[in-house]
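Structure record follows, encoded as C-alpha cells.
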C-alpha cells in the first residue's frame, strides 16, 4: 500500500491520502516521536482493554462494582495534587467543540476562560479531520489561525483568547490510517503525540503549557498509563516533568469508584476531574444493560436523580480534598435565531443547572455555544466572589456509598412514545452526520455529539431487550414498533433538512447501522466499533 508520509520511520505505514498542509504535521521527527510512544505503550493499552472485557463479563454474571479494597490507603491518605499554572486557575466557563478551523476561532474568541478542542466525541475521525485538526491547533497555539468564509466574512483571533486544552481520543480507539509494526496506532497516542510534539515548547514560550482532557477512563490503571506516557513524552523532548496538565473526564460509572486513585496516579500532571454527564448516563446503561432497572426517557435522567447527584457530589468532595479543580457538565443548548420563546425557556434551564453546579462547589462548567458564556460566567462569578475557584469548599457534608452510585431509581420515570421517537430521530440524524465527516451536529436546538448519540441508541437497545420495558401506556417496546418509527422518522428527514441534502447524504447506511445497534442481540460498546470502517471506506 502507498505510504503517504514524507519520510516515515522504519515500521510505520501511513495509508491516509494527501491532506493540504499535512507536511507540517507528519514531519520525520514527529512521526518518530509517535512511533516511540506506540512501541512503548500500545501493549499495555491492549491489556487494559482486555481487562475492561473481563470486568464487563463479571458484571453480567452479577458482580456489583464497589470501591477497591486494595487502594483504601490512597483514599484515606493525606496527599494533594500539584498546583496548576496561572492560566488554569480560573476555569469558570469552558467551551468545547471540534477542531475545525472556523469553530476553533469562534471558541477561542468566545470570552470563555478555556476552550477544549476535541479530537474525540465532537470530531468525526476522518483522515482529513485528524490532520486538519492538528494544523488548526498548531496555528491556534501560534496565534496565526485565520478563516475566510465563502460569504466574505473573515475570522481572526482577538487579542485576548481562551486558554487551549486538547482532548485526544480514548484508549479504545485507533487511528486506522496508520500502522506501526503491522498494528494500528492508538488514536490516543496519535492525537496526543502530534499535538504535544509540535506545540509544547511554543506553548511554554507563550506563558501557557500543554493541557489536555482525558476521556473514557474506566480505572486508575488507565490513568497510570497516561501518566507514564506523559513522563516519557516530556523526557523525550527535554521538558520538565509535571509540565503537562490533564483533566480526567469521569464519564464512566466504574471510574466514579476510583476518583481518588485516578487523581493519585496523575498527581504531578493533574488538573482535576470533570463530570462528563452524557457519557456517564450512557456508561450506566452500557455496563448494566438489562441487569438494572429500565432507564426512562433521556430528558428525565436529570442531574438531580439519585445516581447522578451522588456522583457529582462525590466528585466535588474528592477533587477539593486533593486541591484539584472540579469541573461541571455540558450545557448543550444552541440558541435559536428565530424563536425567542425557545431561547427564554432554555436560558432559564441553563441558568438553573449552573446555579445547581456552582452551589455544589464546582469550580467551573462546560458550554457548547459562545452565546452562553456571559450567562454562565455571571452565575459562577456570583458564587466565586472574586476568587478564581472554590477549591476551599470541601463538602465534608457529603457521604456517598457504593449503593448511592448504583441507585438508578428515578421517581416517576417512564418511557414515552415521544421519547422513543426522539432517540430514533437523533440516532439517525447524528449517525449520518458522523459518517459524513461532522462530529458535532445541532439538532433540535441542542449540540449533539457522539456521547448523546450513544445515550439515544443504548436506551433504545435497552428498551427493546429489557423484559420489563414498556411504554407509559402499557404497550410493549418491540422490534416491529422500533422499525415502524424508524420508517416514519426516515420519511420526515427530507422535510427537516431538504431533499437535496437528504439525497446527497448517507442516510440508508445510517439506518442500517442504527438498526444493528438497537435491534441486534449484541450490545456494541461504542458506535465506532461498527461505524468507523465506513469512514475509512469513504476516504474522507
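Which condition number does residue 302 fail, the rest of (1) over 14 Å from residue 218 (Cα atoms); (2) without any contact (Cβ under 8 Å) to a residue 60 or more places away in the chain; (3) outside any loop (DSSP other than H, G, I, E, B); (4) under 19 Å from the mean Cα position of the chain (by Cα) being met? So residue 302 meets the others, but not (3). Of everything in the range 327-350 that is without any contact (Cβ under 8 Å) to a residue 60 or more places away in the chain and closer than 22 Å to residue 279 by Cα, the residue that is surrounded by the most Cβ atoms within 10 Å (Cβ to Cβ) is 328. A single entry from 421, 457, 387, 395 fulfils the requirement of being part of a loop (DSSP other than H, G, I, E, B) and touching a residue at least 24 places away in the same chain (Cβ under 8 Å): 395.
Of the residues 136, 42, 149, the single one that is within 28 Å of residue 180 (Cβ to Cβ), without any contact (Cβ under 8 Å) to a residue 60 or more places away in the chain and in contact with a helix residue (DSSP H, G or I) (Cβ under 8 Å, 6 or more places away or on another chain) is 136. Output the number of residues of the range 278-294 satisfying the condition of being crowded, with 24+ Cβ neighbours inside 10 Å and either touching a strand residue (DSSP E or B) at 6+ places or on another chain (Cβ under 9 Å) or assigned to a strand (DSSP E or B) (or both). Looking only at that region, the number is 2.
Of the residues examined, residue 194 is one that is touching a helix residue (DSSP H, G or I) at 6+ places or on another chain (Cβ under 7 Å) and either under 17 Å from residue 104 (Cα atoms) or touching a residue at least 40 places away in the same chain (Cβ under 8 Å) (or both). Taken together, 122, 107 contain a single residue that is part of a loop (DSSP other than H, G, I, E, B), surrounded by 14 or more Cβ atoms within 10 Å (Cβ to Cβ) and at pLDDT 95 or above, which is 122. Being surrounded by 12 or more Cβ atoms within 10 Å (Cβ to Cβ), more than 20 Å from residue 137 (Cα to Cα) and at pLDDT 95 or above is the requirement here; does residue 80 meet it? When the stated conditions are applied, residue 80 passes them.
Filter the range 152-176 down to the residues that are in contact (Cβ under 8 Å) with a residue 40 or more places away in the chain and farther than 15 Å from residue 119 by Cα, then identify the one that is surrounded by the most Cβ atoms within 10 Å (Cβ to Cβ). Once the filter is applied, the top-ranked residue is 162.
Restricting attention to the range 368-379, does a residue exist that is surrounded by 22 or more Cβ atoms within 10 Å (Cβ to Cβ), modelled with pLDDT of 95 or more and under 24 Å from residue 270 (Cα atoms)? No, the conditions are met nowhere in the range 368-379.
Residue-wise test of (1) outside the structural domain of residue 316 (by TED's automatic domain parsing); (2) modelled with pLDDT under 95.
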site	(1), (2)
391	no, no
397	no, no
422	yes, no
426	yes, no
434	yes, no
446	yes, yes
456	yes, no
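So that you can scan it fast, the table gives a plain yes or no per residue for (1) over 20 Å from residue 198 (Cα atoms); (2) more than 27 Å from the chain's Cα centre (by Cα); (3) surrounded by 15 or more Cβ atoms within 10 Å (Cβ to Cβ):
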| position | (1), (2), (3) |
| --- | --- |
| 8 | no, yes, yes |
| 12 | no, yes, yes |
| 22 | no, no, yes |
| 32 | no, yes, yes |
| 42 | yes, no, yes |
| 45 | yes, no, yes |
| 49 | yes, no, no |
| 59 | yes, no, yes |
| 75 | yes, no, yes |
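Name the pairs whose Cβ atoms lie under 6 Å apart, with the first residue in the range 513-539 and outside the structural domain of residue 17 (by TED's automatic domain parsing) and assigned to a helix (DSSP H, G or I), the second at pLDDT 95 or above and exposed (fewer than 15 other Cβ atoms within 10 Å of the Cβ), and 6 or more positions between them or separate chains? These pairs meet every condition: 519/479. Just checking, does the range 77-91 include any residue being assigned to a loop (DSSP other than H, G, I, E, B), touching a residue at least 40 places away in the same chain (Cβ under 8 Å), in contact with a strand residue (DSSP E or B) (Cβ under 8 Å, 6 or more places away or on another chain) and more than 30 Å from residue 375 (Cα to Cα)? There is at least one residue in the range 77-91 that is assigned to a loop (DSSP other than H, G, I, E, B), touching a residue at least 40 places away in the same chain (Cβ under 8 Å), in contact with a strand residue (DSSP E or B) (Cβ under 8 Å, 6 or more places away or on another chain) and more than 30 Å from residue 375 (Cα to Cα).
The values are calculated or read from the model by the stated rules, or taken from the named source; none is laboratory data. Just so it is clear, the structure is predicted and the values come from calculations on it, not from any experiment. Because the Cβ atoms are built from the backbone with ideal geometry, glycine has one as well, and the counts that use them run over all protein chains shown.
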